[in-house]
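The values are calculated or read from the model by the stated rules, or taken from the named source; none is laboratory data. As the structure is a computational prediction, the values presented were derived from the model and not from experiment. A quick note on method: Cβ atoms are made from the backbone with ideal geometry, for glycine too, and the neighbour counts reach across all protein chains shown.
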């Protein structure tokens, strides 16, 4: 961590605490000491610390206080693509967005398929990062889908899951072996579910918009087919599967059914998949180009329903920075990807306003649920836990302006959106890294 | 009405009254092409750049003749793969051309949506002369002009478009255009070549040519391209021809005075039999003549109108 001026000991008082892990919802004061949560007490039950005690009293009344948010699906682009994002800029964007922990995908250059790359990432995060960074290792060497990466050594080096994100493991037998092998090292497997033969040269969702734009389509079935396969393999191997960025009604249905049968499957959805449909693509804005693509209204409704009934456990951004070099191009030549860390919380809070989720459910999907899936000792305000805390102002309205992003990249389709609710403080290990929207240099 | 649109990106955007204005303007331009001196000074001092990223002789020539008959200066800028391989982006290429202050850029590109991208980065008016499988608006307009001449109207007619609808920008533009003008449009082809949800564009969908052309006033045959597919969309040209070619026997299902159109170039004996292609129903050459008139109209309107003498 960068050395920052921060109170060693402080008390957040007057806020409304929502901690789904401890089923805590109410007005509590939180005392932070030595980087840990020292005490959580009902507001008013303990007096304000006197100035000479060295305890800073921070007034968060009217705000929501939650465990530090976790985004389990982020691309930090380092090593190899530092012009798009670095561990420092990406983690800074996370801090700005209210996230105290992020997990970074292995599609860097070199790929994170060896302990040395994992160590490099952890070292960079340690010395220049703003939040906790948990690397995700590769399933296969070079993400080529041919042979297993050194998964055991990756685990020892510190990865919290394995994924060939972006490159679906087309070989079903390799996927089966990956699940079996990952079981030995207690690592969940995170597939990007897409049948590459079905998606073919597809660029956007196959539907009315692909028909009128003449852009080749990716049928929803390309996702559902692979979700079904991977669920079958999770059953075969008895191991834990976490489906990345669910975008289709078919996938939601398969996951729901598998969960009902007790299969160890969990799933995530991104804000862009629950906020936008293929309609956004019709004028060829490359900032709407993403994989899986923005889908139909029916798919969007199914994803929301999946979030609502618990089929989808986690909200994750799939923050995928791309520079203008990759986006200011013909649609077919542009890269996929949408950045999300700085809009994720606000778009998720919109689910509360729209009556899809309770506030507590949204927080759970951004805290304890990903923590449980990845077995991170995070996502909680339990006494003794790391003092990772986010403070949210539900009333703050703001206009998305990508030029103000902390991320190095600007590729968002939410430019000019007016959003309500925003993180106003991010605390990582007892250090305040963001306060009132300002990164604490 | 007064023309206000800056770009012609697709028929999707155009309103019926704009289409009418283009067609009426084109009709008035047809006469110029029959004069001994086929030129009016309307666009003197204006510059039209034909910026083609895809090989095209017929469309480019048609735009070039159209511009020259209006006295505009025309420059053909054909961007070969070499410029792309040097790493210059579409935006950089367009900005380079923009620096020479053209009034109108006519562009063709293999990527759907490329004219949209250009229109965001340059000040000139953009005319889409074909982008990927998206649109080819001037082709649709010349088709509409041809039909209007043949039938004296558009509203209430039945048009059947047969063939590879999925990969056809001509089909998309014609569907948008003709449906806006009150024409009943049907499409037919093997299900593998009919894009999903196309009925939402307001067309009837058929898988048999016989059903689609029944009582049709106009039949538009699309070029079938074997190289587009690797045996996964239809088995062979032979089989395609057997089920989807327009021959004299099938033609009897259509109206007696049916008009046959083809955006060209035609595959004789594959999507259309030679007897039909050369028969009295075919207006393929009228389409070419009308192409010049329609493109003159587009250039004229985008350049801000002016005197016609």
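Against the conditions (1) out of contact with any strand residue (DSSP E or B) (no Cβ under 6 Å at 6 or more places or on another chain); (2) under 22 Å from residue B:131 (Cβ atoms); (3) surrounded by fewer than 17 Cβ atoms within 10 Å (Cβ to Cβ), residue B:37 satisfies every one except (2).
Among the conditions (1) within 13 Å of chain A (Cβ to nearest Cβ); (2) on the phi < 0 side of the Ramachandran plot, residue B:161 misses just one, which is (1). Which count do you get for residues in the range A:225-241 that are crowded, with 22+ Cβ neighbours inside 10 Å and either free of Cβ contacts under 8 Å to residues at least 60 places away in the same chain or within 14 Å of chain B (Cβ to nearest Cβ) (or both)? Counting residues in the range A:225-241 that are crowded, with 22+ Cβ neighbours inside 10 Å and either free of Cβ contacts under 8 Å to residues at least 60 places away in the same chain or within 14 Å of chain B (Cβ to nearest Cβ) (or both) gives 5. Restricting attention to the range B:176-193, the residues that are more than 9 Å from chain A (Cβ to nearest Cβ) and within 18 Å of the chain's Cα centre (by Cα) total 9. I'd like to check something: does the range B:98-109 contain any residue that is over 28 Å from residue B:289 (Cα atoms), outside any helix (DSSP H, G or I) and within 14 Å of another protein chain (Cβ to nearest Cβ)? No, every residue in the range B:98-109 fails to be over 28 Å from residue B:289 (Cα atoms), outside any helix (DSSP H, G or I) and within 14 Å of another protein chain (Cβ to nearest Cβ). Can you pull out the residues in the range B:36-51 that are over 30 Å from residue B:91 (Cβ atoms) and touching a helix residue (DSSP H, G or I) at 6+ places or on another chain (Cβ under 7 Å)? Correct list: B:38, B:39, B:40, B:42. Taken over the range A:182-199, residues that are within 14 Å of chain B (Cβ to nearest Cβ) and either modelled with pLDDT under 95 or out of contact with any helix residue (DSSP H, G or I) (no Cβ under 7 Å at 6 or more places or on another chain) (or both) amount to 1. So which residues in the range B:126-139 are over 11 Å from residue B:287 (Cβ atoms) and away from chain A (no Cβ under 11 Å)? Those that are over 11 Å from residue B:287 (Cβ atoms) and away from chain A (no Cβ under 11 Å): B:126, B:127, B:128, B:129, B:137, B:138.
Considering the conditions (1) surrounded by 15 or more Cβ atoms within 10 Å (Cβ to Cβ); (2) within 14 Å of chain A (Cβ to nearest Cβ), residue B:77 is excluded by exactly one of them, (2).
From the list A:298, A:304, which residue is part of a helix (DSSP H, G or I) and within 14 Å of another protein chain (Cβ to nearest Cβ)?
Numbers: A:304 fails: within 14 Å of another protein chain (Cβ to nearest Cβ).
None of the other options fit; the residue is A:298.
This table checks each residue for (1) in contact with a strand residue (DSSP E or B) (Cβ under 8 Å, 6 or more places away or on another chain); (2) over 21 Å from residue A:204 (Cβ atoms).
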| residue | (1), (2) |
| --- | --- |
| A:250 | no, no |
| A:290 | yes, no |
| A:293 | yes, no |
| A:309 | no, yes |
| A:317 | yes, no |
| A:322 | no, no |
| A:349 | yes, yes |
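Residues in the range A:211-224 that are within 13 Å of another protein chain (Cβ to nearest Cβ) and more than 28 Å from residue B:137 (Cα to Cα): A:220, A:221. The residues listed here are A:217, A:202; of these, the one that is at pLDDT 95 or above, in the same structural domain as residue A:73 (by TED's automatic domain parsing) and surrounded by 24 or more Cβ atoms within 10 Å (Cβ to Cβ) is A:217. Pairs linking a residue in the range A:297-321 that is surrounded by fewer than 24 Cβ atoms within 10 Å (Cβ to Cβ) to a residue that is part of a loop (DSSP other than H, G, I, E, B), with Cβ atoms under 7 Å and 6 or more positions apart or on different chains, are A:297/A:277; A:300/A:277; A:304/A:356; A:306/A:246; A:306/A:312; A:308/A:356; A:308/A:357. Name every residue in the range B:1-35 that is out of contact with any helix residue (DSSP H, G or I) (no Cβ under 8 Å at 6 or more places or on another chain) and in a loop (DSSP other than H, G, I, E, B), in order of residue number. The answer is B:2, B:4, B:13, B:35.
Quick check: is even one residue across the range B:140-156 within 14 Å of chain A (Cβ to nearest Cβ), crowded, with 24+ Cβ neighbours inside 10 Å, touching a residue at least 60 places away in the same chain (Cβ under 8 Å) and touching a helix residue (DSSP H, G or I) at 6+ places or on another chain (Cβ under 7 Å)? Let's see the steps before the verdict.
Here is the first cut: in the range B:140-156, the residues within 14 Å of chain A (Cβ to nearest Cβ) are B:140.
Going one step further and asking which of them are crowded, with 24+ Cβ neighbours inside 10 Å, we end up with B:140.
Then drop every residue that is not touching a residue at least 60 places away in the same chain (Cβ under 8 Å), which leaves B:140.
Next, from what is left, pick out any that are touching a helix residue (DSSP H, G or I) at 6+ places or on another chain (Cβ under 7 Å): B:140.
Checking the range B:140-156: at least one residue is within 14 Å of chain A (Cβ to nearest Cβ), crowded, with 24+ Cβ neighbours inside 10 Å, touching a residue at least 60 places away in the same chain (Cβ under 8 Å) and touching a helix residue (DSSP H, G or I) at 6+ places or on another chain (Cβ under 7 Å).
May I ask you to say which residue of A:355, A:379, A:384 is out of contact with any strand residue (DSSP E or B) (no Cβ under 7 Å at 6 or more places or on another chain), on the phi > 0 side of the Ramachandran plot and more than 14 Å from chain B (Cβ to nearest Cβ)?
Working: A:379 fails: out of contact with any strand residue (DSSP E or B) (no Cβ under 7 Å at 6 or more places or on another chain); A:384 fails: out of contact with any strand residue (DSSP E or B) (no Cβ under 7 Å at 6 or more places or on another chain).
The unique qualifying residue is A:355.
Being away from chain B (no Cβ under 14 Å) and closer than 30 Å to residue B:193 by Cβ is the requirement here; does residue A:175 meet it? Answer is no for this residue.
For residue B:168, state whether it is within 16 Å of residue B:298 (Cβ to Cβ) and touching a residue at least 12 places away in the same chain (Cβ under 8 Å).
Details: within 16 Å of residue B:298 (Cβ to Cβ): no; touching a residue at least 12 places away in the same chain (Cβ under 8 Å): yes.
No; evaluated as a whole, the condition is false for this residue.
Answer with yes or no whether residue A:110 is part of a loop (DSSP other than H, G, I, E, B), more than 30 Å from residue B:165 (Cβ to Cβ) and more than 18 Å from the chain's Cα centre (by Cα). Here the answer is yes, as residue A:110 does meet what is asked.
Kindly indicate whether residue B:240 is modelled with pLDDT of 90 or more, crowded, with 18+ Cβ neighbours inside 10 Å and touching a helix residue (DSSP H, G or I) at 6+ places or on another chain (Cβ under 8 Å). No: the conditions fail for residue B:240.
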